[in-house]
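For reference, the structure discussed in these notes is given below.
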Amino acid sequence: MTKILIIYTGGTIGMVNDTNTGALIPFNFNQIQQNVPELARLNYDLEVHSFDPILDSSNMHPEIWAEMAQLIYNKYDEFDGFVILHGSDTMAFTASALSFMLQDLSKPVVLTGSQLPIGEIRTDAKENLITALEIAATKNNGLAKIPEVCIYFDSQLFRGNRSIKYNSEKFEAFRSPNYPILAEAGVHLTFFNNYILPQPRKPLKVLLNFNSNIGVLKMYPGISAQAVKAITHSPVDAIVLETFGSGNTTTADWFINCLQEAIDSGKIIVDISQCQRGSVELGKYETSKKLQQMGVISGYDMTFEATITKLMYLMGQGLTKEEVIELMEQSLRGELTA
Ligand code: ASP
């Protein structure tokens, strides 16, 4: 019988209203099971691992990503697939982080959650949970159909490191602006094979060391030298520069000097666009030419979530700065189109 491990980390899916404050707080997995009697009808051998404490995902942290990745690694041979129940707020960060932590993954790791708690009549949790389990159980010639970390939400399966939380109210909470969906659930579960990563040739490796000492600088017209220096002159190891359009910034001398000083002091700067769709093209306009010349790296079409977690991952591996830079511009887990 197909064996699936459900990893419960928290999120709205399992939340209940606090009787004192009225605010939603995480609650234990038993009530999820009580609310989905259908779980017993699935022809899978399900086991549950609950994190302690269970979290609102706004409190998610690289140490907990490492716990999740280690758990999957430890249980890898025992189970056919893994379903992680997780708050939607930072689900795209966790999915991106896990995609880097789990190298040469040959089994599905499907993250899901919901916009309404499982106890609510109109909840989206049941469908998300049941279909995520089905996806995690799907095989092709004895091998997992989806050897990837992905997110299942509102009938669509996304590559984890291509996803963003896009809506805080609709059931359609996620999108994958620069990569097609991997599968769609209607009357049938349809997989789009061309977009799914191939089965790896090597055994799974788990890489848990992350360095999260990263600053973020989001451009806006009128940004002050003081605001820029607060990031470029701070003791971070890398900076994610969120730029206009295809990677453009102001060409004002003081701004370019700030970036140059940051690079000279050893910081890595990665340029990603504030646009959700499309790619950074350094040098296309004069307003990104100088960035390219001074050694700012292109994040191409990576999401913010993938960029941050990829930097954390690469900077945690004891690589040289040059190696980090080289790998940042390559697709490691299908996270970018160069
Ligand atoms: N605040 C919740 C969380 O991320 C939202 C959700 O689960 O949808 O844990």
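Exposed loop sites are taken as trypsin sites (Lys or Arg not before Pro) in a DSSP loop (any state but H, G, I, E or B) with at most 15 other beta carbon atoms within 10 Å; the longest stretch of the chain without one runs 202-276. In this calculation the C-beta distance from K3 to K126 is compared with R0 = 22 Å, giving a FRET efficiency of 0.55. Rolling a 1.4 Å probe over the protein heavy atoms gives segment 1-102 an accessible area of 44 Å² per residue. So what does log10 I(q)/I(0) come out to for segment 262-338 at q = 0.11, 0.22, 0.24 Å⁻¹, using the Debye formula with one equal point on every Cα and no solvent? Debye output, listed in q order: -0.26, -1.06, -1.23.
Put a dot 7 Å past the Cα of K289, heading toward its Cβ, do the same for N43, and the two dots end up 6.5 nm apart. Each Lys or Arg adds one and each Asp or Glu subtracts one; over the other residues with Cβ under 14 Å from the Cβ of K126, this totals -4.
Relative to the compact globular guide of 2.2 N^0.38 Å, what is the alpha carbon radius of gyration of the chain, as a ratio?
Expressed relative to 2.2 N^0.38 Å, the Cα Rg reads 1.03.
For the peptides 57-65, 111-119, what is the packing order when you average, over each peptide's residues, the other Cβ atoms within 10 Å and list the highest mean first?
On the way: 57-65: 16.2, 111-119: 23.8.
Descending packing order for the listed peptides: 111-119, 57-65.
Starting from the Kirkwood radius over alpha-carbon pairs of segment 120-209, derive D by Stokes-Einstein at 4 °C in a medium of 1.567 mPa s and give it in µm² s⁻¹. Estimated diffusion coefficient is 90 µm²/s. Here the relative contact order of segment 20-105, from alpha carbon pairs under 8 Å that lie six or more residues apart, stands at 33 percent. Each of K75 and V216 was given a label point 7 Å from its Cα along the Cα-to-Cβ line. The distance between the two points is 3.0 nm.
Listed by chain and number, the lysines whose alpha-carbon sits under 27 Å from that of K202, ignoring those within fewer than 8 places in the same chain, are K3, K75, K107, K139, K145, K310, K321. Return the tail of the calculated pair distribution for segment 1-63, meaning the percent of Cα-Cα pairs more than 18 Å apart. Result: 44 percent of Cα pairs exceed 18 Å. The residues packed around N167, meaning those with a beta-carbon under 14 Å from its beta-carbon, carry a net charge of -2 if Lys and Arg are +1 and Asp and Glu are -1. In segment 238-296, the portion of solvent-accessible area held by carbon and sulfur atoms comes to 45 percent [1.4 Å probe, whole percent, DNA, RNA and ligands not counted]. Here the contact order of the chain, divided by its residue count and restricted to Cα pairs under 8 Å and six or more residues apart, works out to 15 percent.
In percent, how large is the relative contact order of segment 128-169, given Cα pairs closer than 8 Å and 6 or more residues apart?
28
The values are calculated or read from the model by the stated rules, or taken from the named source; none is laboratory data. Here the structure is a predicted model, which is why all the values come from computation and not from measurement. Please note: Cβ atoms are built from the backbone with ideal geometry, for glycine as well, and neighbour counts cover all protein chains shown. The accessibility values were calculated without ligands, DNA or RNA, using every heavy atom of the protein model including side chains. Shrake-Rupley method; radii C 1.70, N 1.55, O 1.52, S 1.80 Å.
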